[in-house]
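Working notes, beginning with the structure itself.
The values are calculated or read from the model by the stated rules, or taken from the named source; none is laboratory data. Just so it is clear, the structure is predicted and the values come from calculations on it, not from any experiment. Reconstructed Cβ throughout: ideal geometry from the backbone, glycine too, with neighbour counts over all protein chains shown. SASA here: full protein model, heavy atoms, side chains in, ligands and nucleic acids out. Shrake-Rupley method; radii C 1.70, N 1.55, O 1.52, S 1.80 Å.
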Amino acid sequence: MSATLVKARKTAMVRLATTLMMLVTAGLVGGYTFYAAYLSDLPDTSRLTAYRAPPENHVMAADDRELADFGGMHQHFVAVQEVPRRVIQAFLAAEDKSFYTHSGIDVFSVVRAGLTNLVNLGSSRRPLGASTITQQVAKNMLLTSELSLVRKVREAVLAVRIEQTLPTDRILELYLNEIYLGYHSRGVAAAAQAYFGKS
């Protein structure tokens with residue numbers, strides 16, 4: 001091998017190493033900047049540990065008739081063990097099939113939604129989400145419903161933290177008691193009462 005070729009290879013290796021170091025540095029600086037701007041002030045997930053639904057805002061008669069309603073939203077907190085298994089299975093099938101196996105984020109669903117959204121780019125279709133039940137708990141109880149990529153990243157980080165903080169059944173319990181199901185009903189117990197007149 002000629003000295004010129006050896007020198008050219010060394011120069012190429014130095015350039016490659018320099019480029020890689022610059023990319024790593026830029027990634028670290030960008031990551032830290034993003035963290036400082038958007039993730040450093042995330043809510044504390046430990047407050048979900050002791051969460052209980054707010055008290056009911058209606059007055060009942062001795063014969064269980066409602067006399068007055070002082071709020072618009074109805075909510076009856078129920079332990080996950082008291083929710084019928086079929087209701088739980090229906091929510092898991094519709095919302096998060098891999099709830100008991102992921103760590104807060106379903107990577108396969110995120111990739112699928114991302115590809116679908118790229119295909120639908122420019123159309124009038126609403127972007128697909130890939131939120132797990134844990135991410136929905138993070139959004140509903142700790143964040144806002146703002147439609148933005150930053151909120152989705154914050155939601156994903158919180159979901160991982162929630163999975164590390166709470167047992168899976170507690171996360172499901174919070175979800176089933178906090179999800180808005182229409183007709184002024186928050187949670188499955190309030191919805192069952194509102195729609196079917198049953199506990």
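Observations on the model:
- For region 93-119, a residue qualifies if it is polar (S, T, N, Q) and either open to solvent by 50 Å² or more (accessible area, probe 1.4 Å) or part of a helix (DSSP H, G or I) (or both), and the qualifying residues are Thr101, Ser103, Ser109, Thr116, Asn117.
- Against the list (1) over 30 Å from Glu82 (Cβ atoms); (2) out of contact with any helix residue (DSSP H, G or I) (no Cβ under 6 Å at 6 or more places or on another chain); (3) open to solvent by 40 Å² or more (accessible area, probe 1.4 Å), the condition Arg151 fails is (3).
- Unique residue being open to solvent by less than 20 Å² (accessible area, probe 1.4 Å), hydroxyl-bearing (Ser, Thr, Tyr) and over 18 Å from Arg85 (Cα atoms) when the list is Ser145, Ser185: Ser185
- Pair list, Cβ under 7 Å, 6 or more apart: region 79-99 residue closer than 11 Å to Leu176 by Cα, other residue among the β-branched types (Val, Ile, Thr) and open to solvent by less than 80 Å² (accessible area, probe 1.4 Å): Val83/Val188; Val87/Val188
- Residues that are among the acidic types (Asp, Glu), in contact with an Asp or Glu (Cβ under 6 Å, 6 or more places away or on another chain) and under 13 Å from Leu48 (Cα atoms) number at least 3 in none of the helices (runs of 4 or more DSSP H) confined to region 128-181.
Conditions tested, residue by residue: (1) small (Gly, Ala, Ser); (2) at pLDDT 70 or above; (3) on the phi > 0 side of the Ramachandran plot.
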| site | (1), (2), (3) |
| --- | --- |
| Thr18 | no, yes, no |
| Ala26 | yes, yes, no |
| Phe34 | no, no, no |
| Thr49 | no, yes, no |
| His58 | no, no, no |
| His76 | no, yes, no |
| Ala79 | yes, yes, no |
| Val83 | no, yes, no |
| Ala93 | yes, yes, no |
